[in-house]
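Enquirer: Pasting in a structure now, in structure tokens, and then I'll have a few things to ask.
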């Protein structure tokens with residue numbers, strides 16, 4: 001488990017006294033540089049409330065890595081990571097996406113200026129295949145208008161990622177509008193992968209306690225049930241369908257990738273993948 005020890009920073013302005021979810025996540029995943037004292041303090045409070053949080057983040061990152069590999073193998077060559085946070089070392093799933101070939105691109109979208117400033121340097125090679133868009137998910141129509149200017153080709157399918165970002169949209173109507181706008185806009189053959197934090201998988205109240213830690217620090221988080229997530233993603237009037245096995249704990253979505261079953265509560269989140277009926281181009 002992480003301990004509250006000093007860490008190097010990237011220099012520049014005095015570190016912010018306001019914690020950042022992107023930097024906290026980086027710290028919980030073992031990052032050594034891109035976090036401030038306020039991030040580490042909140043991170044420790046979260047771990048005290050939910051000691052399994054580190055494992056949950058690792059499982060979620062593995063899910064992202066495996067899902068992108070699946071989409072890459074299906075022929076998708078462009079990916080949009082909505083609410084991307086800071087790129088992480090283990091695994092570097094943007095590199096998995098780019099292994100599809102020289103025409104592969106990843107567009108990282110985040111509202112945190114720290115992510116936009118420091119994200120590119122964390123990605124290393126092939127920076128030309130990465131794009132960074134500074135925008136808030138609450139302004140989803142602006143994001144969708146901007147994506148073609150950042151390299152997205154609307155004549156080809158896209159892998160769209162909403163990985164554990166909707167919990168930060170506390171209003172259900174807003175969250176539903178965001179998902180609906182993405183589904184209406186997405187090019188034919190696209191895939192939407194969504195994960196969402198929940199309290200349903202815990203045998204105790206630790207997930208709710210961790211959520212209260214974030215809320216007390218000015219970062220309100222909305223945990224949702226499987227039924228509430230289904231309500232966000234239902235698209236009866238749209239040409240999309242839910243990929244089997246439906247809404248399941250993240251750690252169990254790609255079970256063959258694990259040597260042993262992952263405890264449900266260690267996932268901390270549900271995963272669901274929506275498919276546009278037109279096949280991706282190969």
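Throughout, read-outs are computed from the coordinates displayed, never taken from laboratory work. Just so you know, these numbers come straight off a predicted model, no measurement behind them. Here Cβ is always computed from backbone atoms with ideal geometry, including for glycine, and neighbour counts include all displayed protein chains.
Enquirer: Taking just the alpha carbons, could you work out the radius of gyration and Dmax for the range 14-80, both in angstroms?
Expert: Just the Cα atoms of the range 14-80 yield Rg and Dmax of 15.1, 45 Å.
Enquirer: Packing-wise, with mean Cβ within 10 Å as the measure, how do 77-85, 195-203, 173-181 rank, highest first?
Expert: Values: 77-85: 24.4, 195-203: 20.4, 173-181: 17.2.
Highest mean packing first, the order is 77-85, 195-203, 173-181.
Enquirer: Quickly work out the residue 149-to-residue 184 label distance, labels modelled 7 Å from Cα along the C-beta direction, and quote it in nm with one decimal.
Expert: About 2.1 nm separates the two model spin labels.
Enquirer: Same structure, new question: If one computes P(r) from the Cα atoms of the range 117-183, what percent of pairs lie at distances over 20 Å? Working shown, then result.
Expert: Details: 843 of 2211 pairs.
Counting pairs separated by more than 20 Å, the tail of P(r) holds 38 percent.
Enquirer: May I pose another question? More than 32 angstrom separation, counting every C-alpha pair in the range 53-275; what % is that?
Expert: Of all Cα-Cα pairs in the range 53-275, 12 percent lie more than 32 Å apart.
Enquirer: So for the range 53-275: antiparallel DSSP bridges make up what percent, rounded to the nearest 5?
Expert: Numbers: 11 of 29 bridges.
Of the beta bridges lying entirely in the range 53-275, close to 40 percent run antiparallel.
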